[in-house]
């Protein structure tokens, strides 16, 4: 959607000096010529949260909020650098694993009363002292908005880079009739309308509700003003469903309920450029449970008490293709059963059995191989898989999985365990690798991932 002009906002008195490395007004963009400079995205994410403890690491659609924000920024074509400023080691680890640079946020800038502006100014000053100069355009992204469309980020950046605006922020159109209680007036009075006149929705100009998801501004102007609103301010309209902001536990549960639907819509939007309408499971390794994943979770006993299970030849073919593509595969099983080892040997993949904590086993395996956890897909079906599902970038479940496993998954497969589920996921992984390869070889190909919660960059 086109950006909307707002009345010019008065700049505040300078509260900080402009770092020497910040490009000053008078650049091509300020003179009206389009700028091709890439923006820097800064995501403040402190460890404390009063409304939702550990909020920035809470998962929506199987992905931590901080990771979703980073991946949205990385998928935007006009963002060349993504930085997370935090006081929390766990957030820093998750952000670094997702591909962001880390700026350590001082304790006095990480309290409940510290402003986002103070964290941004600190990060800009830190970046200005580094070897790479800070960008002339800064994108302030809040991790508490889980459904940011990279296309909207690019459009907002273009509005500032062109010189038409100094600030562009995300907002959603609204035709709501607002009221407030006014005792002096004897009761409720209209705020944005004449109560005696009820125009039709289509006859009213929309107003805009600030979503809090992102703000794009000229870096030098922000440093001088000390505030996110200054100069010529514009609105980047976003879809109402993308306006969800997580402040309370109820917001988090609502986002989790909507994630399967909204992520699919965002995926479909990116699919117009990539040609794919499937989840973009772009990973470097696959780890799976055995019972209920490679099998249908049933077993047969003969008259001698020997156990046998049903597996799918299609799964074997899928794993063979993964191995040929150089994608490591690991089977994790809570039981110690000879049939698991024999199946792993036949498939030519690694196997660990009698695993009490699948999360710890997966982390150890990944560290030994040098594979980032967010670059791993895990396929499970039951409660015992939760520690592993909670660690990886792509938690996946079979369709007949336990409800808790399905709730933890970013994607639920169509095929059941023992009936081609592993093959289905293998095909998705290989399709994503091929799409990435094609994008690199095609000049001008869209850089946005076909999955909004995952980065499109290596």
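Counting only strands (runs of 3 or more DSSP E) that fall entirely inside the stretch 39-111 and contain at least 1 residues that are crowded, with 24+ Cβ neighbours inside 10 Å and more than 11 Å from the chain's Cα centre (by Cα), the qualifying elements are 39-44, 79-86. Restricting attention to the stretch 268-289, the residues being out of contact with any helix residue (DSSP H, G or I) (no Cβ under 9 Å at 6 or more places or on another chain) and either closer than 12 Å to residue 147 by Cβ or at pLDDT 75 or above (or both) number 0. Out of curiosity, is residue 145 surrounded by 22 or more Cβ atoms within 10 Å (Cβ to Cβ), in contact with a strand residue (DSSP E or B) (Cβ under 7 Å, 6 or more places away or on another chain) and in a strand (DSSP E or B)? Taking the combined requirement at face value, the residue does not satisfy it.
Test residue 134 against the stated conditions and say whether it is farther than 30 Å from residue 412 by Cα and in contact with a helix residue (DSSP H, G or I) (Cβ under 6 Å, 6 or more places away or on another chain).
Values: farther than 30 Å from residue 412 by Cα: yes; in contact with a helix residue (DSSP H, G or I) (Cβ under 6 Å, 6 or more places away or on another chain): yes.
When the stated conditions are applied, residue 134 passes them.
Looking across the stretch 376-394, the residues that are within 25 Å of residue 430 (Cβ to Cβ) and either buried (at least 20 other Cβ atoms within 10 Å of the Cβ) or over 22 Å from the mean Cα position of the chain (by Cα) (or both) come down to 376, 377, 378, 379, 380, 381, 385, 388, 389, 392, 393, 394. The single condition among (1) buried (at least 22 other Cβ atoms within 10 Å of the Cβ); (2) farther than 30 Å from residue 198 by Cα; (3) touching a strand residue (DSSP E or B) at 6+ places or on another chain (Cβ under 6 Å) that residue 171 does not meet is (2).
May I ask you to verify whether residue 294 is part of a loop (DSSP other than H, G, I, E, B), modelled with pLDDT of 90 or more and surrounded by fewer than 23 Cβ atoms within 10 Å (Cβ to Cβ)? For residue 294, the condition - part of a loop (DSSP other than H, G, I, E, B), modelled with pLDDT of 90 or more and surrounded by fewer than 23 Cβ atoms within 10 Å (Cβ to Cβ) - is not met.
Condition (residue is more than 22 Å from residue 68 (Cα to Cα) and either outside the structural domain of residue 149 (by TED's automatic domain parsing) or surrounded by 14 or more Cβ atoms within 10 Å (Cβ to Cβ) (or both)) applied to the stretch 251-263: is it met by at least one residue? Spell out how you get there, then give the answer.
Of all residues in the stretch 251-263, those more than 22 Å from residue 68 (Cα to Cα) come to none.
Among the residues of the stretch 251-263, not one is more than 22 Å from residue 68 (Cα to Cα) and either outside the structural domain of residue 149 (by TED's automatic domain parsing) or surrounded by 14 or more Cβ atoms within 10 Å (Cβ to Cβ) (or both), which makes the answer no.
The values are calculated or read from the model by the stated rules, or taken from the named source; none is laboratory data. Please read all numbers here as calculations on a predicted model, not as lab measurements. Glycine gets a Cβ as well: all are built from the backbone with ideal geometry, and neighbour counts include every protein chain shown.
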